[in-house]
Every structure is written in structure tokens, then in C-alpha cells.
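Encoded as C-alpha cells, the structure appears first; notes follow it.
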Amino acid sequence: MSSVELAVRGGGVIGLSVALAAARAGFSVSVFDEGSPHAGSRVAGGMLAPLTEAWPGEEAVVAQGVEALAMWPEFAASIGVPLFDAGTLAVGTQPGDLADLRHAGELLTSREIRALEPSLGPAVRGGVYAAGDLAVDNRVLLSALWKACLDAGVVSSVEGKVTVIAAGAWSGRLHPALKDVIRPVKGEILRLTHRPGALPPPRHTIRALVSGRPVYLVPRDDGLVVGATQYEAGFDTDVSVAGVRDLLRDAETVLPGIAEYALTEASVGFRAGSPDNVPIVRFLEPGVIAATGHHRNGLLLAPHTARLVVELLQGGSS
């Protein structure tokens, strides 16, 4: 079998971004992917929002995310992918929700937040406007990355002198050092399609806390993506009734107009969890690099991780 310099195991957003960056840096690259319909990249909401997505204790990930966000406009332009750049409204329905949003910016009143998004429901008491946040259609992004990789000379299923493990939640199966480190974190996500007579999708990405429960609504050309539940349930691929119920209940509380939309998809995806939810981007042994463990931030951190892997290949440190 012929050999290339770099073999990437995983064809999600992380793997393809790594492959593309390496090919553009002059390496010969191959990609192998098993194509699971439950891969996080395929089921993701597409938010590029390091501050409004931040959870307590994830300061290291936030710092990486802010750096990655600055890379996204150039990265997206280089593969011909449009970005949704209207920003994010992070809103809450209870005083405790609003207190939890203070880390993301200046709190706006109910009236101020509705001036930005009039379709918000009466339960919304206020929120934060993160004007610099972006979003991307994850499936458009995957298609564009595959095309860009092919155009850059990336080939399929060829062994390499160096292997990059970028198989998301399945990475733990590919190397002993990752076996008890990377775990699947189940998430259910819904796609709603706009129907004639219904209110149009919101102008902004909306992240909400509804009595402490997180939910997000990300506009698409034909409707919305609503997500996402989070369970430690292994590779359980079932969409649960309770998961769909909870997402729709909280999403309708925030944006009542979605009651007139069609529910056209309910999916399960697996995030790649690490012990501290910080990505693992380093050599595991000579000739094997890990690029995994991105949890909720795989799309956001893709160009940042790709740059780190190329630096490792060129003799740097991560």
C-alpha cells in the first residue's frame, strides 16, 4: 500500500480541518472516516459562540474559543462557506437565569432584548447581546471541507507515517491512551421547518436558560435547529420522548411562534467528552497525534485545532 505523510482518522469537522490545513502546508494527506450518522459534526447546531456557550470552570476552553472565533471569517472564506453573523441573544426566564448570563456581557432589559428580537415570548425577562458571535450551517460546512480537501489533493484510506486520531467520540477506540479518557456524551437535537403562515425564523441565534435549563435555537434558511440535551449514556442512539418534549417545551417558551413549524428531524449525536472538557491535541507516541475531546466546541475550535496539529507536524509543541 502506498504511504502518505499524514493519515487522519476521522472525517468530521476536526479531521477535515486538520487534513486541509496540513495539505495546504505542503504535507501529503489521507482521510479515513466510517461515516456514522451520529457524528457530532453532522448533528451540531453550528454556533460559534465562545462566551455565550461557556460553562463555569471552562476558562481554558473559552480562551481557545475566543482565539478560534477570530480565525473563522478567514477560514470560512477560504472554503466558500457563508457565516451567519447577526450575533447571539443569550436570554433567561428567571432572575437566576439572568444572573448566570452576566459572564457573557451587559444585561439588557426585557424591552431592550425584544427590540432586537420581537418574536421572543413573554416569559423572557432579559438577556445579553453578543454581537460578535457567529454561526454556520454544519452540513454545508462538512460538504465544503470535503470539497476543499479533494481540491488540495487529500486522498482516502491510505496509511501514513503519522496518524492523527480525530474520530470524535469514537477516538477512545483507536488508541490505548484514549480508551478511558474520551467518552461519548449523548445529545438530542431537532430540526424545525418553517411552514406558510408561521412567523419567520429569528434574526439572531438564541441561547436561553429556561428555569436553569439550557436550550438553543439556531436559524437556518428553511427553519431552525433546536438543541440540545446532554446525557452520559454511552452510545445510546435512541431519541427519547422526554428529550424531544423538554426541548420543544423550552424552545416554545422562548419563541412561541415555533408551534406553527413542522418537526422534520430528531437526531442523536455524540460529543467527544474529555475528563475536564478541554480538547486533547498532542502526540500520544511518536507517529500518533490526538486531536479530540472537543465536547460542545468542535466546530468552533476546528481552525484552531488544525493550526495546532500543523505546528506539531512542523516540530512545534502544543
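Here is how the numbers come out for the structure above:
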| quantity | calculated |
| --- | --- |
| Residue that is nearest to V288 (Cα to Cα), among those in the range 1-59 that are of a type in the set (K, R) and modelled with pLDDT of 95 or more | R9 |
| Elements of type strands (runs of 3 or more DSSP E) in the range 90-194, at least 1 residues being within 19 Å of L255 (Cα to Cα) | 126-130, 183-193 |
| Residue check, T193 surrounded by fewer than 16 Cβ atoms within 10 Å (Cβ to Cβ), out of contact with any helix residue (DSSP H, G or I) (no Cβ under 9 Å at 6 or more places or on another chain) and in the same structural domain as D221 (by the TED database) | yes |
| Among residues of the range 288-303, those that are open to solvent by 10 Å² or more (accessible area, probe 1.4 Å) and in a strand (DSSP E or B), counted | 1 |
| All positions within the range 128-157 that are modelled with pLDDT of 95 or more and at positive phi | G153 |
| Subset of the range 12-71 (residues that are under 30 Å from D97 (Cα atoms) and among the charged types (D, E, K, R)) | R42, E53, E58, E59, E67 |
| Candidate set: the range 23-67, residues that are touching a Ser or Thr at 6+ places or on another chain (Cβ under 9 Å) and over 29 Å from D238 (Cα atoms); chosen: the one surrounded by the fewest Cβ atoms within 10 Å (Cβ to Cβ) | R24 |
| Residue within the range 45-61 that is of a type in the set (V, I, T), under 18 Å from T305 (Cβ atoms) and out of contact with any helix residue (DSSP H, G or I) (no Cβ under 8 Å at 6 or more places or on another chain) present | no |
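The values are calculated or read from the model by the stated rules, or taken from the named source; none is laboratory data. The structure presented is a predicted model; accordingly, all values stated were derived computationally and were not measured. In this analysis, Cβ positions are derived from the backbone assuming ideal geometry, glycine residues included, and neighbour counts consider all displayed protein chains. The area values use the complete protein model at the heavy-atom level, side chains included, leaving out ligands, DNA and RNA. Shrake-Rupley method; radii C 1.70, N 1.55, O 1.52, S 1.80 Å.
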